[in-house]
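What follows is a single structure, written as structure tokens, with notes after it.
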Amino acid sequence: MASTEALLPVTSRQDPLSESRSDQIPETRRRRPIKVHLAVYSGLLLIALYVALIVTHDGSTAQHGAKDESSTESRASLAGVSEKSNDRVSRLSDDRKVEAFPWNNTMLSWQRTAFHFQPEKNWMNDPNGPLFYKGWYHFFYQYNPNAAVWGDIVWGHAVSKDLIHWLYLPIAMVPDQWYDANGVWTGSATFLDDGSIVMLYTGSTDKFVQVQNLAYPEDPSDPLLLKWAKFSGNPVLVPPPGIGAKDFRDPTTAWKTSTGKWRITIGSKINRTGISLIYDTTDFKTYEKHDTLLHQVPNTGMWECVDFYPVSKTQVNGLDTSVNGPGVKHVIKASMDDTRIDHYAIGTYYDSNGTWVPDNPSIDVGISTALRYDYGKFYASKTFYDQNKGRRILWGWIGESDSEAADVQKGWSSVQGIPRTVVLDTRTRKNLVQWPVEEIKSLRLSSKKFDMTIGPGTVVPVDVGSATQLDIEAEFEIKTEDLKLFFDDDSVEADKKFSCETSGGSTARGALGPFGFSVLADESLSEQTPVYFYVTKGKHSKLKTVFCTDTSRSTMANDVVKPIYGSFVPVLKGEKLTMRILVDHSIVEGFAQGGRTCITSRVYPTKAIYGATKLFLFNNAIDATVTASFKVWQMNSAFIHPYSPDDLGVPSRT
Amino acid sequence: MKMMKVMMLIVMMMMVSEGSIIEPTCKETPDFSLCVSLLNSDPRGSSADTSGLALILIDKIKGLATKTLNEINGLYKKRPELKRALDECSRRYKTILNADVPEAIEAISKGVPKFGEDGVIDAGVEASVCQGGFNGRSPLTSLTKSMQKISNVTRAIVRMLL
């Protein structure tokens with residue numbers, strides 16, 4: 001939807017010249033000779049033209065001070081992340097000489113991950129309709145069968161017994177109807193009371209309108225759910241009055257209301273207000289739209305991939321989407337089209353009128369300071385309730401941070417994050433906690449345990465052999481004398497505005513940080529990706545801990561985006577600083593304090609690849625000595641491959 | 001003074017043809033005059049909505065990429081010592097034509113402009129990388145600079161669709 005405002009007073013449709021000439025010339029001038037009259041007139045016209053050009057240009061700057069050319073950058077930087085595009089554009093568009101980096105196939109083929117889900121080739125984006133059925137976890141995804149960029153979207157499909165070892169299946173749905181001719185887009189699954197599955201998904205019609213369609217397994221007795229049938233009465237929902245034809249997508253899993261109806265929500269926008277529409281249904285074929293919204297937040301733009309689900313206040317298991325009650329809070333999550341950030345907020349759901357109120361409106365969904373599942377590259381995420389093990393599982397789309405030329409050359413683009421369990425942090429009650437699913441441990445091979453004490457300004461190689469597929473679990477402690485020193489030293493100013501992005505990355509040294517690991521590093525550290533803690537004095541003399549990943553020196557290549565990601569992580573009294581890192585070729589996932597703050601990064605080294613990849617431990621603090629106690633596992637490949645009948649006979653590897 | 005204001009009003013109305021949103025749209029981009037001249041040079045410009053303006057500019061990107069590729073091909077014979085850089089440029093500009101442009105056109109037409117933004121940004125990146133392969137100025141410098149500028153302007157317009 002166009003959102004520009006006309007600055008100029010476009011009023012009269014008549015020829016302005018003919019109208020004004022007779023009206024505007026004052027009587028006194030009519031007595032002058034025509035020639036002089038015309039000369040004066042054209043001279044004034046020229047001046048007016050000149051002045052008008054200046055005035056309108058200046059006027060626009062004044063009126064739209066916040067919306068001038070830097071606004072395209074400022075929106076993203078408000079969110080606190082060096083957005084891919086801005087980084088790249090500002091770095092490469094100026095006249096500084098940029099050495100081109102010719103990617104060769106050796107470097108590119110190293111980038112493919114070993115244990116993250118990705119199709120055999122081409123482009124993937126949003127996770128779709130995840131579910132567990134008849135012994136298999138199903139995963140569907142937005143897929144381009146023809147290219148390594150977005151387009152021609154269909155639903156890819158894969159199954160797994162354990163969320164880790166995936167088997168590729170044939171494409172589940174293609175754009176073969178008028179109501180999804182231009183794209184079979186994102187959707188979600190719901191289990192009905194009788195255990196049958198309904199799938200709601202967005203179709204882009206032959207006229208480019210976004211509508212919601214119903215599909216279901218053609219053969220419910222097929223555990224692989226190979227074939228899907230589309231409801232003959234599709235679409236079941238079209239954009240309602242007041243909603244743009246292209247602002248209506250990504251229906252959620254339905255939940256039961258207290259009256260026994262099913263309820264879904266769909267993200268959209270009205271002008272710049274992000275909203276979530278709400279509908280009730282009994283049969284998934286006809287719907288009643290509520291006049292009110294589930295929620296809305298001004299100035300957040302279009303809400304994509306909305307997700308809505310309950311979390312237990314007291315227990316660390318997942319809850320079915322329909323669960324409600326006093327022991328429960330509800331989470332709203334949305335993917336912000338403007339900033340490509342997934343935000344969530346915790347609040348209270350009122351079933352009687354289908355509304356939701358955040359616990360903390362100052363960090364409401366979509367506000368730049370609102371909580372995120374992940375402070376790195378992570379978008380279009382979606383959860384599902386895993387009734388097999390009683391968990392809520394989160395999928396997230398991890399796009400590339402490199403150039404499309406490289407994607408085309410390597411033949412693929414995007415991976416999925418390792419599925420994570422999601423629960424409310426029962427200690428803080430203010431945020432969620434995510435953790436890679438337990439099943440990933442089945443990939444652990446040999447391990448080495450380390451206990452090291454490292455003084456200020458030290459970098460130590462960690463000898464683990466191969467360092468491209470690792471699972472690292474670490475605990476850090478800052479030597480107490482140094483901490484006391486820090487507290488007693490009143491001259492140390494509270495680092496109010498400290499953040500990973502603005503702090504200068506891992507090389508900016510403070511009294512108590514940064515310290516952590518450098519992954520995907522080469523021997524000489526010419527390429528490295530530090531994942532670290534930085535402890536500073538926050539408000540009221542309390543220690544504030546930030547968890548970051550610095551990709552700014554991750555590669556010599558200049559055609560990739562290299563942001564510094566991260567955020568504050570709550571560290572409660574008595575807790576040690578803990579981090580977990582999964583390294584899998586071009587993806588690094590970091591988890592601090594058991595998953596209170598998570599960071600996913602894409603990294604494209606040119607030298608620190610294959611046997612040359614190393615792991616380091618570092619402490620760049622000025623004053624503090626740090627003890628690190630950690631274990632590093634070599635991780636096996638998940639050997640993701642096309643399904644074959646032999647796979648049915650293979651026992652689960654968990 | 002009143003006469004001046006009136007004259008300015010007349011001039012403004014002259015500058016804006018019926019229903020055209022080119023000028024107000026271009027004011028929100030990093031290069032107003034480039035934006036206006038590109039859009040005015042296309043007959044669809046004056047009656048296009050924001051999506052339409054974005055698509056016109058993507059067409060310009062396509063045209064410029066084609067032109068640049070032709071230039072690159074011609075340079076192999078004239079400047080054989082530049083082969084390596086030309087190879088890289090050829091790859092990068094083919095990406096613009098075969099990946100970025102189709103992606104952007106499809107995304108904007110279908111109302112998921114963020115993928116269009118990605119494609120448009122990438123066009124600028126590929127041009128920069130191509131230029132970076134030469135030591136300083138090259139026979140392609142003004143073409144790559146043009147691509148970067150058009151990419152920036154187009155991106156600003158695509159962002160209005162988000």
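For the range B:133-142, the count of residues that are part of a helix (DSSP H, G or I) and surrounded by 22 or more Cβ atoms within 10 Å (Cβ to Cβ) is zero. Please indicate, with yes or no, whether at least one residue in the range A:455-473 is touching a Gly at 6+ places or on another chain (Cβ under 7 Å) and under 26 Å from A:GLY513 (Cβ atoms). Looking for residues that are touching a Gly at 6+ places or on another chain (Cβ under 7 Å) and under 26 Å from A:GLY513 (Cβ atoms), one finds none in the range A:455-473, hence no.
In the set A:GLU493, A:GLU438, A:GLU481, A:GLU501, only one residue is among the charged types (D, E, K, R) and modelled with pLDDT of 90 or more; that residue is A:GLU438. Of all residues in the range B:47-89, those that are within 11 Å of another protein chain (Cβ to nearest Cβ), touching a helix residue (DSSP H, G or I) at 6+ places or on another chain (Cβ under 7 Å) and either exposed (fewer than 15 other Cβ atoms within 10 Å of the Cβ) or not in a helix (DSSP H, G or I) (or both) total 1.
So which residues in the range A:336-359 are in a loop (DSSP other than H, G, I, E, B) and under 14 Å from A:GLU304 (Cβ atoms), if there are any at all? Listed by number, the residues that qualify are A:ASP337, A:ASP338, A:THR339, A:ARG340.
Sort out which residues of the range B:143-159 are at the interface with chain A (Cβ under 7 Å from one of its Cβ atoms) and either under 23 Å from A:ALA406 (Cα atoms) or surrounded by fewer than 22 Cβ atoms within 10 Å (Cβ to Cβ) (or both), and write them in order of number. Matches in the range B:143-159: B:GLN148, B:ASN152, B:ARG155.
Here A:ARG580 meets each of (1) of a type outside the set (Val, Ile, Thr); (2) at pLDDT below 95; (3) closer than 23 Å to A:ASP342 by Cβ with one exception, condition (2). The set of residues in the range A:546-589 being of a type in the set (Val, Ile, Thr) and within 16 Å of A:THR502 (Cβ to Cβ) consists of A:VAL546, A:THR549, A:THR551, A:ILE564.
Identify all residues within the range A:569-589 that are out of contact with any Leu (no Cβ under 7 Å at 6 or more places or on another chain) and free of Cβ contacts under 8 Å to residues at least 60 places away in the same chain; write none if there are none. Answer for the range A:569-589, where residues must be out of contact with any Leu (no Cβ under 7 Å at 6 or more places or on another chain) and free of Cβ contacts under 8 Å to residues at least 60 places away in the same chain: A:VAL569, A:LYS573, A:GLY574, A:GLU575.
Within the range A:131-150, the residues that satisfy the criterion of being in a loop (DSSP other than H, G, I, E, B) and either polar (S, T, N, Q) or surrounded by 21 or more Cβ atoms within 10 Å (Cβ to Cβ) (or both) are A:ASN146, A:ALA148, A:VAL149, A:TRP150. Candidates in the range A:382-426 are the residues that are among the small types (Gly, Ala, Ser) and away from every other protein chain (no Cβ under 14 Å); of these, the one that is farthest from the chain's Cα centre (by Cα) is A:GLY390. Over 15 Å from A:LEU520 (Cα atoms), part of a strand (DSSP E or B) and not small (Gly, Ala, Ser), is that true of A:THR545? Yes: the conditions hold for A:THR545. Of all the listed residues (B:LEU55, B:LEU69, B:LEU86, B:LEU38), the sole one being under 15 Å from B:PHE134 (Cα atoms) and touching a Lys or Arg at 6+ places or on another chain (Cβ under 9 Å) is B:LEU86. If you go through the range A:214-260 and keep only what is surrounded by 14 or more Cβ atoms within 10 Å (Cβ to Cβ), outside any strand (DSSP E or B) and basic (Lys, Arg), you end up with just A:LYS246. Here are some residues: A:ALA62, A:ALA100, A:ALA79. Which one is within 14 Å of chain B (Cβ to nearest Cβ), at pLDDT below 65, over 26 Å from the mean Cα position of the chain (by Cα) and over 25 Å from A:ALA557 (Cα atoms)? Going through A:ALA62, A:ALA100, A:ALA79 in turn, the sole match is A:ALA62. Across the range B:31-46, the qualifying residues are those that are surrounded by fewer than 22 Cβ atoms within 10 Å (Cβ to Cβ) and either modelled with pLDDT under 95 or within 13 Å of chain A (Cβ to nearest Cβ) (or both), and the one among them that is farthest from B:LYS145 (Cα to Cα) is B:SER46. With the structure loaded, tell me whether A:TYR379 is within 20 Å of A:LYS313 (Cα to Cα), of a type in the set (Ser, Thr, Tyr) and out of contact with any His (no Cβ under 7 Å at 6 or more places or on another chain) or whether it fails that test. Answer is no for this residue. Remark: pairs (first residue in the range A:158-179, assigned to a strand (DSSP E or B); second residue acidic (Asp, Glu); Cβ separation under 6 Å; 6+ apart in sequence or on different chains) = A:LEU167/A:ASP647.
Inside the range B:18-30, can you point out the residues that are more than 8 Å from every other protein chain (Cβ to nearest Cβ) and either surrounded by fewer than 20 Cβ atoms within 10 Å (Cβ to Cβ) or without any contact (Cβ under 8 Å) to a residue 60 or more places away in the chain (or both)?
The answer is B:SER20, B:ILE22.
Of all the residues in the range A:291-323, those that are assigned to a loop (DSSP other than H, G, I, E, B) and farther than 16 Å from A:ARG391 by Cα number 9.
Condition check ((1) in a strand (DSSP E or B); (2) within 16 Å of A:ARG112 (Cα to Cα)) across all residues:
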{"site": "A:LYS562", "(1), (2)": "no, no"}
{"site": "A:MET579", "(1), (2)": "yes, no"}
{"site": "A:SER601", "(1), (2)": "yes, yes"}
{"site": "A:THR606", "(1), (2)": "no, yes"}
{"site": "A:GLY611", "(1), (2)": "no, yes"}
{"site": "A:PHE616", "(1), (2)": "yes, no"}
{"site": "A:PHE630", "(1), (2)": "yes, no"}
{"site": "A:SER644", "(1), (2)": "no, no"}
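Could you look through the range B:120-132, keep only residues that are at the interface with chain A (Cβ under 7 Å from one of its Cβ atoms) and either farther than 12 Å from B:CYS89 by Cα or out of contact with any Phe, Trp or Tyr (no Cβ under 9 Å at 6 or more places or on another chain) (or both), and pick out the one that is surrounded by the most Cβ atoms within 10 Å (Cβ to Cβ)? That would be B:VAL125. Residues in the range B:90-119 that are among the small types (Gly, Ala, Ser), surrounded by fewer than 24 Cβ atoms within 10 Å (Cβ to Cβ) and within 20 Å of A:TYR379 (Cβ to Cβ): B:GLY111 alone. Within the range A:619-643, the set of residues being under 26 Å from A:VAL159 (Cβ atoms) and small (Gly, Ala, Ser) comprises A:SER637, A:ALA638. Take the residues in the range B:2-17 that are more than 7 Å from every other protein chain (Cβ to nearest Cβ) and at pLDDT below 70; name whichever of them is farthest from B:ALA156 (Cα to Cα). This residue is B:LEU9. The combined condition, being in contact with a strand residue (DSSP E or B) (Cβ under 7 Å, 6 or more places away or on another chain), more than 11 Å from every other protein chain (Cβ to nearest Cβ), crowded, with 23+ Cβ neighbours inside 10 Å and at pLDDT 95 or above, is fulfilled by A:ASN128.
Counting only residues that are closer than 30 Å to A:ALA638 by Cα and modelled with pLDDT under 85, the range A:504-520 holds 0 of them. Entry remark, the range A:271-309: residues being away from every other protein chain (no Cβ under 14 Å), over 21 Å from the mean Cα position of the chain (by Cα) and in contact (Cβ under 8 Å) with a residue 12 or more places away in the chain number 15 in total.
The values are calculated or read from the model by the stated rules, or taken from the named source; none is laboratory data. What you are looking at is a predicted structure, and each value in this text was computed from that prediction instead of being measured. Note that each Cβ is placed from the backbone with ideal geometry, even for glycine, and that neighbours are counted across all protein chains shown.
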